[in-house]
1. Do we find a residue being within 12 Å of chain A (Cβ to nearest Cβ), among the polar types (S, T, N, Q), at negative phi and out of contact with any Cys (no Cβ under 7 Å at 6 or more places or on another chain) anywhere in segment B:118-130?
2. Report every pair of residues separated by at least 6 positions or lying on different chains whose Cβ atoms are under 8 Å apart, first residue within segment A:131-153 and surrounded by fewer than 24 Cβ atoms within 10 Å (Cβ to Cβ), second assigned to a loop (DSSP other than H, G, I, E, B) and of a type in the set (A, V, I, L, M).
3. Restricting to segment B:153-176, what's the tally of residues that are more than 7 Å from chain A (Cβ to nearest Cβ) and among the hydrophobic types (A, V, I, L, M, F, W, C)?
4. Would you confirm whether or not segment A:81-90 contains a residue that is touching a residue at least 24 places away in the same chain (Cβ under 8 Å) and within 14 Å of another protein chain (Cβ to nearest Cβ)?
5. So in segment B:70-96, with the set limited to residues that are of a type in the set (A, V, I, L, M) and over 23 Å from the mean Cα position of the chain (by Cα), which one is surrounded by the fewest Cβ atoms within 10 Å (Cβ to Cβ)?
6. Restricting attention to segment B:76-95, does a residue exist that is touching a helix residue (DSSP H, G or I) at 6+ places or on another chain (Cβ under 8 Å), at pLDDT 85 or above and not in a helix (DSSP H, G or I)?
7. Considering only residues that are in contact (Cβ under 8 Å) with a residue 60 or more places away in the chain and either under 25 Å from B:Phe20 (Cβ atoms) or touching a strand residue (DSSP E or B) at 6+ places or on another chain (Cβ under 7 Å) (or both), which ones fall in segment B:106-135?
8. Report, by residue number, each residue of segment A:98-116 that is away from chain B (no Cβ under 13 Å) and touching a residue at least 40 places away in the same chain (Cβ under 8 Å).
Amino acid sequence: MSVRGLRIGGTSLAVLGLLLVGLVFGLSFFWVSTEASQGIAQRIFYIHVPAAWVAFLAFGIVALTSAMYLWLRDDRLDRAALAAAEGGMIFATIMLTTGPLWGKIAWGTYWTWEPRLTLTLLLWFIYLGYFLVRSSSENAERGKRFAAVVGIVGALDIPLIHLSVVWFRSLHPQPVVVKPDAPSLPGDMLSLLMLGLLAFTLLFFGLFLLRYALETLRDAADARERRATT
Amino acid sequence: MRGYLGQIRAIVWKDLLLEFRTRERIAAMAAFAVLAAVLFNYAIDKSLVSPQNIAAGLIWMTIVFGGLLGIGRTFNLEAQDGAMQGVLMSPAPKDAVFLGKTIANFVLLYVVAILVVGVFMLFFGLDLGTSPLALAGALALGALGFVALGTLFSAVSSGTHMGETLLPILVFPLLVPMVIYGTTATGRLLGGRPVAEVAGNLRMLGAFALVAIFAGAGLFRFVVED
(Lines give C-alpha, C1' and ligand atoms only; values in the text may rest on other atoms or scores of the structure.)
Protein backbone atom coordinates (compact mmCIF):
# COMPACT_ATOMS: atom_id res chain seq x y z
CA MET A 1 0.00 0.00 0.00
CA SER A 2 1.26 3.48 -0.84
CA VAL A 3 2.04 5.98 1.89
CA ARG A 4 -0.85 8.08 0.65
CA GLY A 5 -3.21 5.12 0.96
CA LEU A 6 -1.87 4.37 4.44
CA ARG A 7 -2.45 7.92 5.55
CA ILE A 8 -5.98 8.06 4.17
CA GLY A 9 -6.77 4.67 5.74
CA GLY A 10 -5.14 5.62 9.02
CA THR A 11 -6.86 8.99 9.24
CA SER A 12 -10.28 7.56 8.49
CA LEU A 13 -9.89 4.71 10.99
CA ALA A 14 -8.58 7.09 13.67
CA VAL A 15 -11.37 9.60 13.10
CA LEU A 16 -13.99 6.86 13.12
CA GLY A 17 -12.41 5.43 16.28
CA LEU A 18 -12.37 8.84 17.97
CA LEU A 19 -16.03 9.46 17.07
CA LEU A 20 -16.96 6.08 18.50
CA VAL A 21 -14.89 6.76 21.64
CA GLY A 22 -16.89 9.99 22.01
CA LEU A 23 -20.08 7.99 21.61
CA VAL A 24 -18.91 5.48 24.23
CA PHE A 25 -18.22 8.36 26.62
CA GLY A 26 -21.69 9.76 26.02
CA LEU A 27 -23.45 6.44 26.35
CA SER A 28 -21.49 5.43 29.43
CA PHE A 29 -22.60 8.62 31.18
CA PHE A 30 -26.18 8.99 29.98
CA TRP A 31 -27.46 5.69 28.70
CA VAL A 32 -26.10 2.56 30.32
CA SER A 33 -27.65 1.50 33.61
CA THR A 34 -25.69 2.09 36.81
CA GLU A 35 -24.05 -0.99 38.24
CA ALA A 36 -25.72 -1.91 41.53
CA SER A 37 -22.79 -2.55 43.86
CA GLN A 38 -20.08 -0.27 42.49
CA GLY A 39 -22.28 2.65 41.54
CA ILE A 40 -21.28 5.44 39.21
CA ALA A 41 -17.54 4.71 39.35
CA GLN A 42 -18.05 1.50 37.42
CA ARG A 43 -18.68 3.56 34.25
CA ILE A 44 -14.93 3.95 33.77
CA PHE A 45 -14.98 0.22 32.97
CA TYR A 46 -16.06 1.01 29.38
CA ILE A 47 -12.79 2.88 28.84
CA HIS A 48 -10.53 0.82 31.06
CA VAL A 49 -11.27 -2.65 29.72
CA PRO A 50 -11.03 -1.70 26.00
CA ALA A 51 -7.73 0.10 26.70
CA ALA A 52 -6.41 -3.01 28.42
CA TRP A 53 -7.51 -5.20 25.53
CA VAL A 54 -5.73 -2.97 22.99
CA ALA A 55 -2.56 -2.71 25.10
CA PHE A 56 -2.20 -6.50 25.16
CA LEU A 57 -3.32 -6.92 21.54
CA ALA A 58 -0.63 -4.42 20.54
CA PHE A 59 2.02 -6.34 22.43
CA GLY A 60 0.95 -9.49 20.62
CA ILE A 61 1.48 -7.65 17.33
CA VAL A 62 4.87 -6.41 18.54
CA ALA A 63 5.99 -9.93 19.43
CA LEU A 64 4.72 -11.46 16.20
CA THR A 65 6.14 -8.81 13.87
CA SER A 66 9.41 -8.81 15.83
CA ALA A 67 9.83 -12.54 15.40
CA MET A 68 9.01 -12.25 11.71
CA TYR A 69 11.45 -9.36 11.38
CA LEU A 70 14.30 -11.42 12.80
CA TRP A 71 13.38 -14.17 10.40
CA LEU A 72 12.71 -12.25 7.15
CA ARG A 73 14.61 -8.98 7.80
CA ASP A 74 11.96 -6.93 6.08
CA ASP A 75 11.96 -3.35 7.34
CA ARG A 76 8.20 -3.18 6.96
CA LEU A 77 7.83 -5.74 9.76
CA ASP A 78 10.03 -3.67 12.02
CA ARG A 79 7.98 -0.55 11.25
CA ALA A 80 4.82 -2.47 12.11
CA ALA A 81 6.36 -3.58 15.43
CA LEU A 82 7.39 -0.02 16.27
CA ALA A 83 3.98 1.39 15.34
CA ALA A 84 2.21 -1.26 17.44
CA ALA A 85 4.55 -0.68 20.39
CA GLU A 86 3.88 3.05 20.43
CA GLY A 87 0.15 2.53 20.16
CA GLY A 88 0.30 -0.16 22.84
CA MET A 89 2.17 2.07 25.22
CA ILE A 90 -0.46 4.80 24.89
CA PHE A 91 -3.26 2.38 25.71
CA ALA A 92 -1.29 0.78 28.55
CA THR A 93 -0.92 4.29 29.96
CA ILE A 94 -4.68 4.87 29.65
CA MET A 95 -5.29 1.60 31.45
CA LEU A 96 -2.80 2.48 34.18
CA THR A 97 -4.43 5.86 34.79
CA THR A 98 -8.07 4.79 34.65
CA GLY A 99 -7.50 1.70 36.82
CA PRO A 100 -6.25 3.54 39.94
CA LEU A 101 -8.95 6.21 39.55
CA TRP A 102 -11.56 3.47 39.80
CA GLY A 103 -9.58 1.64 42.46
CA LYS A 104 -9.55 4.69 44.73
CA ILE A 105 -13.34 4.57 44.85
CA ALA A 106 -13.95 0.83 44.72
CA TRP A 107 -11.01 -0.43 46.77
CA GLY A 108 -10.25 2.75 48.72
CA THR A 109 -6.72 2.90 47.40
CA TYR A 110 -5.06 4.08 44.19
CA TRP A 111 -2.61 1.27 44.06
CA THR A 112 -2.82 -2.32 45.11
CA TRP A 113 -0.70 -5.28 44.11
CA GLU A 114 -3.54 -6.72 42.20
CA PRO A 115 -2.30 -9.12 39.46
CA ARG A 116 -3.73 -7.48 36.36
CA LEU A 117 -2.66 -4.05 37.53
CA THR A 118 0.85 -5.31 38.23
CA LEU A 119 1.01 -7.11 34.90
CA THR A 120 0.10 -3.93 33.02
CA LEU A 121 2.67 -1.91 34.93
CA LEU A 122 5.32 -4.46 33.98
CA LEU A 123 4.07 -4.49 30.39
CA TRP A 124 4.49 -0.72 30.38
CA PHE A 125 8.09 -1.08 31.50
CA ILE A 126 8.78 -3.78 28.91
CA TYR A 127 7.51 -1.33 26.29
CA LEU A 128 9.81 1.30 27.80
CA GLY A 129 12.78 -1.06 27.47
CA TYR A 130 11.75 -1.70 23.88
CA PHE A 131 12.01 2.01 23.04
CA LEU A 132 15.18 2.61 25.07
CA VAL A 133 17.03 -0.23 23.36
CA ARG A 134 16.00 1.14 20.00
CA SER A 135 16.97 4.73 20.68
CA SER A 136 20.26 3.99 22.44
CA SER A 137 21.71 1.81 19.68
CA GLU A 138 24.22 3.64 17.54
CA ASN A 139 23.24 1.88 14.37
CA ALA A 140 19.62 1.67 13.41
CA GLU A 141 19.71 -1.87 12.14
CA ARG A 142 21.13 -3.10 15.44
CA GLY A 143 18.47 -1.15 17.34
CA LYS A 144 15.79 -2.96 15.37
CA ARG A 145 17.26 -6.36 16.18
CA PHE A 146 17.70 -5.56 19.87
CA ALA A 147 14.18 -4.20 20.12
CA ALA A 148 12.82 -7.33 18.46
CA VAL A 149 14.65 -9.49 21.01
CA VAL A 150 13.14 -7.44 23.86
CA GLY A 151 9.68 -7.80 22.32
CA ILE A 152 9.96 -11.57 21.93
CA VAL A 153 11.40 -12.26 25.38
CA GLY A 154 8.76 -9.96 26.89
CA ALA A 155 6.00 -11.91 25.17
CA LEU A 156 7.44 -15.24 26.34
CA ASP A 157 7.73 -14.00 29.90
CA ILE A 158 4.31 -12.36 30.17
CA PRO A 159 2.42 -15.65 30.76
CA LEU A 160 4.86 -16.52 33.56
CA ILE A 161 4.57 -13.06 35.07
CA HIS A 162 0.80 -13.42 34.88
CA LEU A 163 0.83 -16.81 36.60
CA SER A 164 3.14 -15.59 39.33
CA VAL A 165 1.30 -12.37 40.16
CA VAL A 166 -2.04 -14.18 40.18
CA TRP A 167 -0.57 -16.78 42.47
CA PHE A 168 0.76 -13.96 44.65
CA ARG A 169 -2.59 -12.33 45.17
CA SER A 170 -5.93 -11.73 43.54
CA LEU A 171 -8.22 -8.87 44.49
CA HIS A 172 -9.36 -7.81 41.05
CA PRO A 173 -13.01 -8.25 40.02
CA GLN A 174 -13.35 -11.63 38.36
CA PRO A 175 -13.76 -11.76 34.58
CA VAL A 176 -17.32 -10.98 33.52
CA VAL A 177 -17.20 -11.57 29.77
CA VAL A 178 -14.65 -14.15 28.69
CA LYS A 179 -15.26 -17.02 31.04
CA PRO A 180 -16.48 -20.59 30.68
CA ASP A 181 -20.22 -19.97 31.10
CA ALA A 182 -22.19 -17.23 29.34
CA PRO A 183 -21.27 -13.57 30.04
CA SER A 184 -22.77 -12.39 33.31
CA LEU A 185 -22.85 -8.78 32.24
CA PRO A 186 -26.36 -7.33 31.73
CA GLY A 187 -27.29 -6.68 28.09
CA ASP A 188 -26.83 -2.91 27.85
CA MET A 189 -23.50 -3.00 29.69
CA LEU A 190 -22.27 -5.78 27.43
CA SER A 191 -23.29 -3.89 24.28
CA LEU A 192 -21.54 -0.74 25.46
CA LEU A 193 -18.42 -2.70 26.36
CA MET A 194 -18.40 -4.24 22.89
CA LEU A 195 -18.81 -0.80 21.34
CA GLY A 196 -15.89 0.39 23.49
CA LEU A 197 -13.74 -2.50 22.30
CA LEU A 198 -14.61 -1.69 18.69
CA ALA A 199 -13.91 2.03 19.17
CA PHE A 200 -10.52 1.51 20.82
CA THR A 201 -9.49 -1.16 18.35
CA LEU A 202 -10.34 1.09 15.38
CA LEU A 203 -8.54 4.00 17.00
CA PHE A 204 -5.51 1.81 17.61
CA PHE A 205 -5.33 0.59 14.03
CA GLY A 206 -5.82 4.16 12.77
CA LEU A 207 -2.87 5.36 14.88
CA PHE A 208 -0.95 2.26 13.85
CA LEU A 209 -1.35 3.01 10.14
CA LEU A 210 -0.46 6.68 10.59
CA ARG A 211 2.64 5.81 12.58
CA TYR A 212 3.59 3.19 10.05
CA ALA A 213 3.23 5.72 7.22
CA LEU A 214 5.35 8.24 9.14
CA GLU A 215 8.10 5.68 9.66
CA THR A 216 8.00 4.75 5.96
CA LEU A 217 8.45 8.40 5.00
CA ARG A 218 11.25 8.81 7.51
CA ASP A 219 13.10 5.78 6.15
CA ALA A 220 12.69 7.09 2.62
CA ALA A 221 14.02 10.51 3.70
CA ASP A 222 17.00 8.86 5.42
CA ALA A 223 17.76 6.84 2.32
CA ARG A 224 17.62 9.98 0.15
CA GLU A 225 19.95 11.77 2.51
CA ARG A 226 22.40 8.90 2.43
CA ARG A 227 22.36 8.89 -1.36
CA ALA A 228 22.95 12.65 -1.42
CA THR A 229 25.98 12.50 0.88
CA THR A 230 27.71 9.59 -0.81
CA MET B 1 26.74 -33.68 20.23
CA ARG B 2 30.07 -34.39 21.86
CA GLY B 3 31.56 -31.56 19.84
CA TYR B 4 28.77 -29.21 20.89
CA LEU B 5 29.26 -29.96 24.58
CA GLY B 6 32.99 -29.62 24.08
CA GLN B 7 32.49 -26.15 22.61
CA ILE B 8 30.32 -25.12 25.52
CA ARG B 9 32.91 -26.47 27.92
CA ALA B 10 35.65 -24.49 26.16
CA ILE B 11 33.69 -21.23 26.60
CA VAL B 12 32.90 -22.00 30.24
CA TRP B 13 36.52 -22.89 30.90
CA LYS B 14 37.80 -19.73 29.20
CA ASP B 15 35.44 -17.48 31.15
CA LEU B 16 36.07 -19.11 34.49
CA LEU B 17 39.83 -19.11 33.96
CA LEU B 18 39.73 -15.41 33.09
CA GLU B 19 37.64 -14.76 36.16
CA PHE B 20 39.92 -16.87 38.31
CA ARG B 21 42.94 -14.89 37.16
CA THR B 22 41.45 -11.39 37.38
CA ARG B 23 38.85 -12.03 40.12
CA GLU B 24 37.28 -8.73 39.09
CA ARG B 25 33.63 -9.57 38.84
CA ILE B 26 33.47 -12.07 41.66
CA ALA B 27 35.28 -9.67 43.99
CA ALA B 28 32.88 -6.86 43.11
CA MET B 29 29.82 -9.06 43.58
CA ALA B 30 31.06 -10.57 46.85
CA ALA B 31 32.00 -7.18 48.29
CA PHE B 32 28.64 -5.81 47.23
CA ALA B 33 26.85 -8.69 48.96
CA VAL B 34 28.64 -8.25 52.27
CA LEU B 35 28.33 -4.47 52.23
CA ALA B 36 24.66 -4.65 51.34
CA ALA B 37 24.09 -6.92 54.34
CA VAL B 38 25.89 -4.39 56.54
CA LEU B 39 23.67 -1.60 55.23
CA PHE B 40 20.56 -3.74 55.64
CA ASN B 41 21.54 -4.24 59.26
CA TYR B 42 21.33 -0.49 59.84
CA ALA B 43 18.34 -0.04 57.55
CA ILE B 44 16.18 -2.32 59.69
CA ASP B 45 14.82 -1.08 62.97
CA LYS B 46 14.96 -4.27 65.01
CA SER B 47 12.45 -2.99 67.52
CA LEU B 48 9.89 -2.99 64.69
CA VAL B 49 10.74 -5.98 62.50
CA SER B 50 12.96 -8.92 63.06
CA PRO B 51 15.49 -9.46 60.23
CA GLN B 52 14.68 -13.17 60.17
CA ASN B 53 11.17 -12.38 58.95
CA ILE B 54 12.33 -10.49 55.91
CA ALA B 55 15.60 -12.32 55.33
CA ALA B 56 14.34 -14.22 52.26
CA GLY B 57 13.45 -11.00 50.45
CA LEU B 58 16.72 -9.33 51.38
CA ILE B 59 18.72 -12.36 50.26
CA TRP B 60 17.07 -12.35 46.84
CA MET B 61 17.37 -8.62 46.38
CA THR B 62 21.06 -8.79 47.24
CA ILE B 63 21.53 -11.60 44.73
CA VAL B 64 19.66 -9.68 42.03
CA PHE B 65 21.43 -6.34 42.53
CA GLY B 66 24.84 -7.81 43.18
CA GLY B 67 24.40 -10.30 40.37
CA LEU B 68 23.57 -7.63 37.80
CA LEU B 69 26.76 -5.86 38.80
CA GLY B 70 28.80 -8.80 37.56
CA ILE B 71 26.54 -10.12 34.82
CA GLY B 72 26.35 -6.66 33.24
CA ARG B 73 30.05 -6.92 32.54
CA THR B 74 29.88 -10.33 30.89
CA PHE B 75 30.96 -8.95 27.55
CA ASN B 76 33.07 -5.98 28.64
CA LEU B 77 36.44 -7.64 28.68
CA GLU B 78 35.90 -9.14 25.26
CA ALA B 79 34.46 -5.96 23.82
CA GLN B 80 37.58 -4.00 24.75
CA ASP B 81 40.06 -5.90 22.61
CA GLY B 82 37.65 -7.00 19.95
CA ALA B 83 38.07 -10.49 21.37
CA MET B 84 34.34 -11.07 20.99
CA GLN B 85 34.86 -11.18 17.22
CA GLY B 86 37.27 -14.04 17.76
CA VAL B 87 34.81 -15.95 19.92
CA LEU B 88 32.00 -15.40 17.45
CA MET B 89 34.13 -16.37 14.46
CA SER B 90 35.16 -19.61 16.14
CA PRO B 91 33.39 -22.73 14.87
CA ALA B 92 31.23 -22.79 18.02
CA PRO B 93 27.61 -21.99 17.15
CA LYS B 94 26.19 -18.84 18.76
CA ASP B 95 23.89 -20.76 21.08
CA ALA B 96 26.89 -22.72 22.40
CA VAL B 97 28.59 -19.39 23.13
CA PHE B 98 25.46 -18.23 24.94
CA LEU B 99 25.13 -21.44 26.96
CA GLY B 100 28.82 -21.36 27.85
CA LYS B 101 28.61 -17.75 29.01
CA THR B 102 25.43 -18.51 30.94
CA ILE B 103 26.99 -21.48 32.73
CA ALA B 104 30.10 -19.49 33.62
CA ASN B 105 27.91 -16.66 34.94
CA PHE B 106 25.83 -19.19 36.83
CA VAL B 107 28.89 -20.57 38.60
CA LEU B 108 29.90 -17.05 39.65
CA LEU B 109 26.42 -16.09 40.76
CA TYR B 110 25.89 -19.31 42.67
CA VAL B 111 29.08 -18.76 44.61
CA VAL B 112 27.80 -15.27 45.44
CA ALA B 113 24.36 -16.62 46.37
CA ILE B 114 25.86 -19.09 48.83
CA LEU B 115 28.03 -16.32 50.22
CA VAL B 116 24.96 -14.09 50.64
CA VAL B 117 23.12 -16.79 52.57
CA GLY B 118 26.22 -17.38 54.69
CA VAL B 119 26.60 -13.68 55.43
CA PHE B 120 22.96 -13.41 56.44
CA MET B 121 23.32 -16.44 58.71
CA LEU B 122 26.32 -14.84 60.33
CA PHE B 123 25.01 -11.28 60.60
CA PHE B 124 21.39 -11.93 61.45
CA GLY B 125 21.62 -15.26 63.25
CA LEU B 126 19.62 -16.89 60.49
CA ASP B 127 18.83 -20.58 60.76
CA LEU B 128 19.00 -22.66 57.58
CA GLY B 129 15.74 -24.44 58.30
CA THR B 130 15.06 -28.12 58.02
CA SER B 131 16.10 -28.65 54.43
CA PRO B 132 19.31 -26.94 53.29
CA LEU B 133 19.24 -29.08 50.16
CA ALA B 134 15.86 -27.73 49.01
CA LEU B 135 17.09 -24.23 49.82
CA ALA B 136 20.17 -24.80 47.67
CA GLY B 137 17.88 -26.07 44.92
CA ALA B 138 15.62 -23.02 45.07
CA LEU B 139 18.63 -20.72 44.90
CA ALA B 140 20.09 -22.69 41.98
CA LEU B 141 16.88 -22.71 39.91
CA GLY B 142 16.24 -19.02 40.54
CA ALA B 143 19.84 -18.10 39.77
CA LEU B 144 19.76 -20.13 36.56
CA GLY B 145 16.77 -18.23 35.12
CA PHE B 146 18.29 -14.96 36.27
CA VAL B 147 21.70 -15.51 34.65
CA ALA B 148 20.11 -16.70 31.39
CA LEU B 149 18.10 -13.47 31.08
CA GLY B 150 20.98 -11.43 32.45
CA THR B 151 23.49 -12.84 29.96
CA LEU B 152 21.19 -12.25 26.98
CA PHE B 153 20.36 -8.68 27.97
CA SER B 154 23.93 -7.96 28.99
CA ALA B 155 24.83 -8.63 25.35
CA VAL B 156 22.01 -6.25 24.34
CA SER B 157 22.90 -3.47 26.75
CA SER B 158 26.63 -3.59 26.01
CA GLY B 159 25.74 -2.98 22.36
CA THR B 160 24.00 0.29 23.22
CA HIS B 161 25.52 3.54 24.38
CA MET B 162 23.54 3.37 27.63
CA GLY B 163 25.50 0.27 28.59
CA GLU B 164 24.87 -1.26 31.98
CA THR B 165 22.46 1.51 32.95
CA LEU B 166 19.96 -0.08 30.63
CA LEU B 167 20.27 -3.58 32.04
CA PRO B 168 18.02 -3.27 35.13
CA ILE B 169 15.28 -1.59 33.07
CA LEU B 170 15.30 -4.50 30.65
CA VAL B 171 15.68 -7.31 33.17
CA PHE B 172 13.72 -6.28 36.28
CA PRO B 173 10.22 -6.47 34.77
CA LEU B 174 11.02 -9.95 33.49
CA LEU B 175 12.35 -11.14 36.83
CA VAL B 176 9.06 -10.85 38.69
CA PRO B 177 8.22 -14.59 38.53
CA MET B 178 11.67 -15.50 39.83
CA VAL B 179 11.44 -13.04 42.70
CA ILE B 180 7.93 -14.15 43.70
CA TYR B 181 8.53 -17.90 43.61
CA GLY B 182 12.12 -17.63 44.81
CA THR B 183 11.46 -15.49 47.86
CA THR B 184 8.38 -17.41 48.97
CA ALA B 185 10.21 -20.73 48.62
CA THR B 186 13.26 -19.39 50.45
CA GLY B 187 11.18 -17.74 53.15
CA ARG B 188 9.18 -20.88 53.84
CA LEU B 189 12.22 -23.13 53.89
CA LEU B 190 14.02 -20.74 56.24
CA GLY B 191 10.92 -20.78 58.39
CA GLY B 192 11.21 -24.53 58.74
CA ARG B 193 8.20 -25.46 56.61
CA PRO B 194 8.21 -28.86 54.86
CA VAL B 195 9.71 -29.18 51.40
CA ALA B 196 6.37 -30.41 49.98
CA GLU B 197 4.97 -26.95 50.58
CA VAL B 198 7.42 -25.33 48.16
CA ALA B 199 7.43 -28.07 45.49
CA GLY B 200 5.14 -25.96 43.29
CA ASN B 201 7.44 -22.96 43.65
CA LEU B 202 10.45 -25.02 42.66
CA ARG B 203 8.63 -26.28 39.58
CA MET B 204 7.73 -22.72 38.56
CA LEU B 205 11.32 -21.59 39.12
CA GLY B 206 12.41 -24.47 36.89
CA ALA B 207 9.90 -23.47 34.20
CA PHE B 208 11.12 -19.89 34.37
CA ALA B 209 14.74 -21.03 34.01
CA LEU B 210 13.86 -23.24 31.04
CA VAL B 211 12.01 -20.46 29.22
CA ALA B 212 14.88 -18.04 29.89
CA ILE B 213 17.53 -20.50 28.68
CA PHE B 214 15.68 -21.47 25.51
CA ALA B 215 14.80 -17.86 24.70
CA GLY B 216 18.39 -16.80 25.27
CA ALA B 217 19.91 -19.65 23.27
CA GLY B 218 17.50 -18.99 20.39
CA LEU B 219 17.81 -15.20 20.31
CA PHE B 220 21.48 -14.66 21.20
CA ARG B 221 22.60 -14.99 17.61
CA PHE B 222 20.44 -12.04 16.60
CA VAL B 223 22.05 -9.90 19.29
CA VAL B 224 25.69 -10.56 18.37
CA GLU B 225 25.16 -10.59 14.63
CA ASP B 226 27.46 -7.71 13.71
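1. In the first step, residues of segment B:118-130 are kept if they are within 12 Å of chain A (Cβ to nearest Cβ); the result is none.
Scanning segment B:118-130, I find no residue that is within 12 Å of chain A (Cβ to nearest Cβ), among the polar types (S, T, N, Q), at negative phi and out of contact with any Cys (no Cβ under 7 Å at 6 or more places or on another chain), so the answer is no.
2. So the pair list comes out as A:Leu132/B:Met162; A:Ser136/B:Met162.
3. So the first thing to find is which residues in segment B:153-176 are more than 7 Å from chain A (Cβ to nearest Cβ), and the list is B:153-155, B:157-158, B:163-165, B:167-168, B:171-172, B:175.
Narrowing the set further to residues that are among the hydrophobic types (A, V, I, L, M, F, W, C) leaves B:153, B:155, B:167, B:171-172, B:175.
The qualifying residues number 6.
4. Going through segment A:81-90, the residues touching a residue at least 24 places away in the same chain (Cβ under 8 Å) turn out to be A:81-90.
Imposing the further condition that a residue be within 14 Å of another protein chain (Cβ to nearest Cβ) reduces the set to A:81, A:89.
Checking segment A:81-90: at least one residue is touching a residue at least 24 places away in the same chain (Cβ under 8 Å) and within 14 Å of another protein chain (Cβ to nearest Cβ).
5. Our first condition is that a residue be of a type in the set (A, V, I, L, M); within segment B:70-96, this holds for B:71, B:77, B:79, B:83-84, B:87-89, B:92, B:96.
Subset that is over 23 Å from the mean Cα position of the chain (by Cα): B:83, B:88-89, B:92.
Values: B:Ala83: 14, B:Leu88: 15, B:Met89: 8, B:Ala92: 20.
The extreme case among them is B:Met89.
6. Yes, the conditions are met somewhere in segment B:76-95.
7. B:Val107, B:Leu108, B:Leu109, B:Val111, B:Val112, B:Leu115, B:Val116, B:Val119
8. Residues of segment A:98-116 that are away from chain B (no Cβ under 13 Å), as a first pass: A:98-112, A:114, A:116.
If the condition is that a residue be away from chain B (no Cβ under 13 Å) and touching a residue at least 40 places away in the same chain (Cβ under 8 Å), then A:Thr98, A:Gly99, A:Leu101, A:Trp102, A:Ile105, A:Ala106, A:Trp107, A:Thr112, A:Glu114, A:Arg116 are the ones that fit.
The values are calculated or read from the model by the stated rules, or taken from the named source; none is laboratory data. None of these values were measured; they are calculated from a predicted model. No Cβ is skipped: glycine too gets one built from the backbone with ideal geometry, and neighbour counts run over all protein chains shown.
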